[in-house]
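Structure record follows, encoded as structure tokens.
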Amino acid sequence: MKKFIALFLAALMLLSFAACGDTDTDTSDAASTGESSSAEKAEFKVGAIYINSKNDTAGYTFAHHSGITSAMKQLGLNVDTQLFIVDEVPEDPEQVRAAVDTLVGKGVNIIFGISFGYIDALEAAAKEYPDVIFSHATGYKSNETNFNNYFGRAYQARYLAGIAAGLKSLQTGNNNIGYVAAYGTEYAETASGINGFALGVQAVNPNATVYVKKLNAWADEVNESAFAKELISSYNCGIITQHCDSAQPQIAAQDANIFGCGYNSDMTADAPKAHLTAAIWHWDVYYKTAMEAAMSCGTADKFVSTMGTPAYYGGLKENFVDVSPLSENCAPNTDTAIKAVRELIISGEWDVFSGVKLTITAEGTVTKADAALVDNAGNEIVAAGGASVADGVITGTMNYYVAGVVEA
Amino acid sequence: MRFHVVKRDNWPLWKRALAYLAAVVAALVIGAVILLAIGVDPLDYYYQLFTMGTVGNKIAYKTYMNYIKEFLPLAITSVALSLAFKMRFWNIGGEGQFIMGSISAGYIALKFGASLPVWLTLVLMCVVAMLVAGIYGLIAGFLKVKFGTNETLMTLMMNYIALYVLYFIGETKADWNLFLQETSSRPVFVNFSDTVAFPTIKIGAKFELNICFILALIIGIIIFIYLKHTKQGYEVSVIGDSAGTAKYAGMKVNRIVLRTVFLSASLIGLAAAFKVGTAGVLSTAITDDVGWTGIIVAWLAQLNTGMIFIVAALICVLQHGSTVAAATYAQVDSSFANMLQGIILFLVLAADFFIRFRIVRVKKGE
């Protein structure tokens, strides 16, 4: 027993020495960065609540964490000392409120909550802490002072990826395209992604069909792979795209010697022989905008008016969403076609869910013509020549597939 | 060289306490080594962990309130599990029983919260949650008594049935589903905290003590007396020691097993009612893993009711404090608490072994 205690004491002493050394380097680090940033900036503290671990190396939480840290670096903020994160917080209002209390206790100025299910807890917290700014990804609630929400026009990037897939399908002569989706028409987020992609495909190849297979979960690596394989074997799909967390569908496409379009991040490294391009997010674009507004607005209650809108909804124009660099697997003229369509969207001349249809040839030329937007049950959604559906539909109530989409 | 494991004479209390303390300290030292390896100052980390970040915190009272919210369900669930464990009925189904209790308590609150007086709704929530959770637990008890099925497997599998029922309720918008908000296009649970909530007692300017805290202490005392000083409690420990002995002594073993399992599960249902009546909303993560953590707590406390409250309090410091400490360090995520908890459990169990046994070297020729 004595020997044990002696051992522990010795270990403890060793550790405390080591710890002291560590503290010294920490403080010197802080001092050097303190010099480089202005006093006001040095006071600014960012808080974040994540659904998964901040140490993730891929997926949704990773995308947001990279966006927040990248934005902080662009603004000259110190990620080590000015960022506070409570991670692995499930969509449980009590646990979200506790996470908010923890972050407010740390003295943060702004709190980003990245998961949809945080919605009510953040709304209540914004009321309880009027001095703190709350910003909620993928939500739809807000107030006029210190609570906003943010999301992106992923459907625009999906349309561009759809063009790449459509051109590839023309080249291979296989009109079947598989789509491994977290959900289908249950969520506007997934429905708008599927529809955006399908319209992009059809602009190139009107004979193409998009087969959607639902996971009924936002992340499920085993089925992400299994469903992709089933789409390939049972539906003879020649291209696989996805709305799910991992690169498994792309890997399955490569294994079957076919092609694919990823999502969330450039998946060319995961499936170099299959991947064409991925619809991706630049979350740092929003986080930088929001942090700048939070630092310049003076008091928290002026945040929403400084942002200009309680619901930030950026797209290709803001560079919030885009497609990843086209891989060598893409069909010829993909680059030309995507560039032309991107121009149309950025200039505001045209948008995806409108009564104007684009026709893109294998040579990459783009022509516009009035045509009604029709769902896959034959109902007209937008009359020929009509304006785009409202943003509220794309983010909230879109619960249909466009013509050419089939649930597998 | 060979070794023998030999039973030790009873160690005095101080020696045992010291052994457990040494195990905890050793676990913290291992944790510190890991922290150092990833470039985190362990002293500052542990300082934040054990103070739960309350030092220099303007809203420290919030930390204490959140801490108690975490502590209550865990303590009651652990006490409930210890009841079954004492009888050597391995109730691994705390999660499922908690979920069933939560769903039924939530149903009562949503169905009657607007029409009945609040106190009556709360009482109803507790009673119904206890009944439903108790019956849910009783299924595994009945199968064991009737067909000799393995209760560990049964209760474990029934956790997932309950969990998926909860997921189904949480994701299915339908006319019958009063759990979800009608106005939201994406499924969101209805919040009823404005109509139904357990009363709180204001202490000081801002701190509010939930009445459930007092109720939990009373429950703890009742269970302690039940196990130590009643005939039924005695029966539980006799069956735990030897079901055969109990049978020869004329005890109706099956009846006692069913009674105790029901009591264990219904107490977990009560914990769920407390939780739902405090949160005012359901969620798919409503259990906060108390059904799992409660097993660890019950074991670490060696099924001793008083110790369970102490261990649950310490585990909650570890969990809540880890979140606070991890918020400051980018390298450490909230899972660190689970790992530390695991190391502590292993080492305390090791200490437990060395308290009860000693290892002697067997000399050649003996």
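The values are calculated or read from the model by the stated rules, or taken from the named source; none is laboratory data. All figures in this text were calculated on a predicted structure; none of them were measured in a lab. We place every Cβ from the backbone using ideal geometry, glycine too, and count neighbours over all the protein chains shown.
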Practice task
Report yes if A:Asn174 is touching a residue at least 12 places away in the same chain (Cβ under 8 Å) and closer than 14 Å to A:Thr395 by Cα, otherwise no.
Solution key: no
Fill in the blank from the handout: Scanning region A:109-140 for residues that are at the interface with chain B (Cβ under 10 Å from one of its Cβ atoms), in a loop (DSSP other than H, G, I, E, B), surrounded by fewer than 24 Cβ atoms within 10 Å (Cβ to Cβ) and in contact with a strand residue (DSSP E or B) (Cβ under 7 Å, 6 or more places away or on another chain) gives A:Thr138, A:Tyr140
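Does B:Asn177 satisfy the criteria of being closer than 30 Å to A:Asn399 by Cα and not acidic (Asp, Glu)? Even if it seems obvious, please write down each step before you answer.
Numbers: closer than 30 Å to A:Asn399 by Cα: yes; not acidic (Asp, Glu): yes.
Yes.
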Exercise for the section: Determine which single condition A:Asn175 fails, assuming it passes every other condition in (1) over 20 Å from A:Ala331 (Cα atoms); (2) more than 14 Å from chain B (Cβ to nearest Cβ). Expected result: (1)
Completion exercise
If we keep only residues of region B:1-31 that are surrounded by 10 or more Cβ atoms within 10 Å (Cβ to Cβ) and either touching a Ser or Thr at 6+ places or on another chain (Cβ under 9 Å) or basic (Lys, Arg) (or both), then the residue farthest from B:Tyr46 (Cα to Cα) is B:Arg8
Completion exercise
Per the filter on region A:171-189, residues in contact with a helix residue (DSSP H, G or I) (Cβ under 6 Å, 6 or more places away or on another chain) and in a helix (DSSP H, G or I) are A:Ala188
Completion exercise
Selection from region B:127-158 of residues farther than 22 Å from B:Ala109 by Cβ and of a type in the set (A, V, I, L, M) yields B:Leu138, B:Ile139, B:Ala140, B:Leu143, B:Val145, B:Leu153, B:Met154, B:Leu156, B:Met157, B:Met158
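Of all residues being in a helix (DSSP H, G or I) and more than 8 Å from chain A (Cβ to nearest Cβ) in region B:35-48, which is surrounded by the fewest Cβ atoms within 10 Å (Cβ to Cβ)? Just the residue, please.
Within region B:35-48, the first condition is being in a helix (DSSP H, G or I), and the residues that meet it are B:35-37, B:42-48.
Add one more test, that the residue is more than 8 Å from chain A (Cβ to nearest Cβ), and what stays is B:35, B:37, B:45-48.
Values: B:Leu35: 26, B:Ala37: 9, B:Tyr45: 23, B:Tyr46: 18, B:Tyr47: 14, B:Gln48: 20.
Only one residue fits best here, namely B:Ala37.
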Exercise for the section: Select, from B:Leu116, B:Leu110, the only residue that is within 20 Å of B:Ala197 (Cα to Cα) and in a helix (DSSP H, G or I). Expected result: B:Leu110
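Go through region B:273-366 and tell me which helices (runs of 4 or more DSSP H), entirely inside it, have 3 or more residues that are more than 29 Å from B:Met87 (Cβ to Cβ) and among the polar types (S, T, N, Q). Walk me through it before giving the result.
Working: elements: B:290-300, B:305-328, B:336-356.
In region B:273-366, B:305-328 are the helices (runs of 4 or more DSSP H) which contain 3 or more residues that are more than 29 Å from B:Met87 (Cβ to Cβ) and among the polar types (S, T, N, Q).
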Fill in the blank from the handout: Subset of region A:329-387, residues of a type in the set (Lys, Arg) and either part of a loop (DSSP other than H, G, I, E, B) or more than 23 Å from A:Val402 (Cα to Cα) (or both), comes to A:Lys339
Completion exercise
Looking across region B:201-216 at residues that are of a type outside the set (Phe, Trp, Tyr), touching a residue at least 60 places away in the same chain (Cβ under 8 Å) and assigned to a helix (DSSP H, G or I), the single one that is surrounded by the most Cβ atoms within 10 Å (Cβ to Cβ) is B:Cys212
Practice task
Filter region B:324-345 down to residues that are at the interface with another protein chain (Cβ under 7 Å from one of its Cβ atoms) and at pLDDT 90 or above and give me whichever is farthest from B:Leu21 (Cα to Cα).
Solution key: B:Ala327
Completion exercise
Here the qualifying pairs (Cβ atoms under 6 Å; residues six or more apart or on different chains; first in region A:190-203 and under 14 Å from A:Val356 (Cα atoms); second surrounded by fewer than 24 Cβ atoms within 10 Å (Cβ to Cβ) and of a type outside the set (A, V, I, L, M)) come out as A:Gln202/A:Gly404
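Answer yes or no: is there a residue in region B:298-316 that is within 14 Å of chain A (Cβ to nearest Cβ), in contact with a Phe, Trp or Tyr (Cβ under 9 Å, 6 or more places away or on another chain) and of a type outside the set (Lys, Arg).
Our first condition is that a residue be within 14 Å of chain A (Cβ to nearest Cβ); within region B:298-316, this holds for B:316.
Keeping just the survivors that are in contact with a Phe, Trp or Tyr (Cβ under 9 Å, 6 or more places away or on another chain) gives B:316.
From what's left, of a type outside the set (Lys, Arg): B:316.
Checked against the condition, which is being within 14 Å of chain A (Cβ to nearest Cβ), in contact with a Phe, Trp or Tyr (Cβ under 9 Å, 6 or more places away or on another chain) and of a type outside the set (Lys, Arg), region B:298-316 yields at least one hit.
Here's the yes/no breakdown for (1) assigned to a loop (DSSP other than H, G, I, E, B); (2) assigned by TED's automatic domain parsing to the domain that holds B:Tyr136; (3) more than 19 Å from A:Val86 (Cα to Cα); (4) of a type in the set (D, E, K, R):
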| position | (1), (2), (3), (4) |
| --- | --- |
| B:Ile30 | no, no, yes, no |
| B:Val33 | no, no, yes, no |
| B:Phe50 | no, yes, no, no |
| B:Ala75 | no, yes, yes, no |
| B:Ser82 | no, yes, yes, no |
| B:Ile99 | no, yes, yes, no |
Completion exercise
Selection from region B:283-297 of residues closer than 25 Å to B:Thr200 by Cα, aliphatic (A, V, I, L, M) and either within 9 Å of the chain's Cα centre (by Cα) or more than 9 Å from chain A (Cβ to nearest Cβ) (or both) yields B:Val290
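Of the residues B:Leu314, B:Leu303, B:Leu318, which single one is at pLDDT below 95, at positive phi and not hydroxyl-bearing (Ser, Thr, Tyr)?
Details: B:Leu314 fails: at positive phi; B:Leu318 fails: at positive phi.
After applying the criteria, what remains is B:Leu303.
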Practice task
Please find, within region A:84-97, the residue that is surrounded by the fewest Cβ atoms within 10 Å (Cβ to Cβ) out of those that are facing chain B (nearest Cβ under 7 Å) and outside any loop (DSSP other than H, G, I, E, B).
Solution key: A:Glu94
Exercise for the section: Can you tell me which residue within region A:52-76, out of those that are more than 13 Å from every other protein chain (Cβ to nearest Cβ) and part of a loop (DSSP other than H, G, I, E, B), is surrounded by the fewest Cβ atoms within 10 Å (Cβ to Cβ)? Expected result: A:Gly76
Exercise for the section: Hey, can you tell me all the residues within region B:1-26 that are within 30 Å of B:Gln331 (Cα to Cα) and either touching a Gly at 6+ places or on another chain (Cβ under 9 Å) or without any contact (Cβ under 8 Å) to a residue 12 or more places away in the chain (or both)? Expected result: B:Leu21, B:Val25
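Return the residues of region A:355-378 that are farther than 20 Å from A:Ala165 by Cβ and surrounded by 14 or more Cβ atoms within 10 Å (Cβ to Cβ); say none if nothing qualifies. Write out each step before concluding.
Within region A:355-378, the first condition is being farther than 20 Å from A:Ala165 by Cβ, and the residues that meet it are A:355-356, A:368-372, A:374-375, A:377-378.
Those that are farther than 20 Å from A:Ala165 by Cβ and surrounded by 14 or more Cβ atoms within 10 Å (Cβ to Cβ): A:Gly355, A:Val356, A:Ala371, A:Ala372, A:Val374, A:Asp375.
How many of the residues in region B:235-246 are surrounded by fewer than 14 Cβ atoms within 10 Å (Cβ to Cβ) and either touching a helix residue (DSSP H, G or I) at 6+ places or on another chain (Cβ under 6 Å) or in a helix (DSSP H, G or I) (or both)?
Here is the first cut: in region B:235-246, the residues surrounded by fewer than 14 Cβ atoms within 10 Å (Cβ to Cβ) are B:241-242, B:244-245.
Adding the requirement that they be either touching a helix residue (DSSP H, G or I) at 6+ places or on another chain (Cβ under 6 Å) or in a helix (DSSP H, G or I) (or both) leaves B:241, B:244-245.
Residues that pass the stated criteria total 3.
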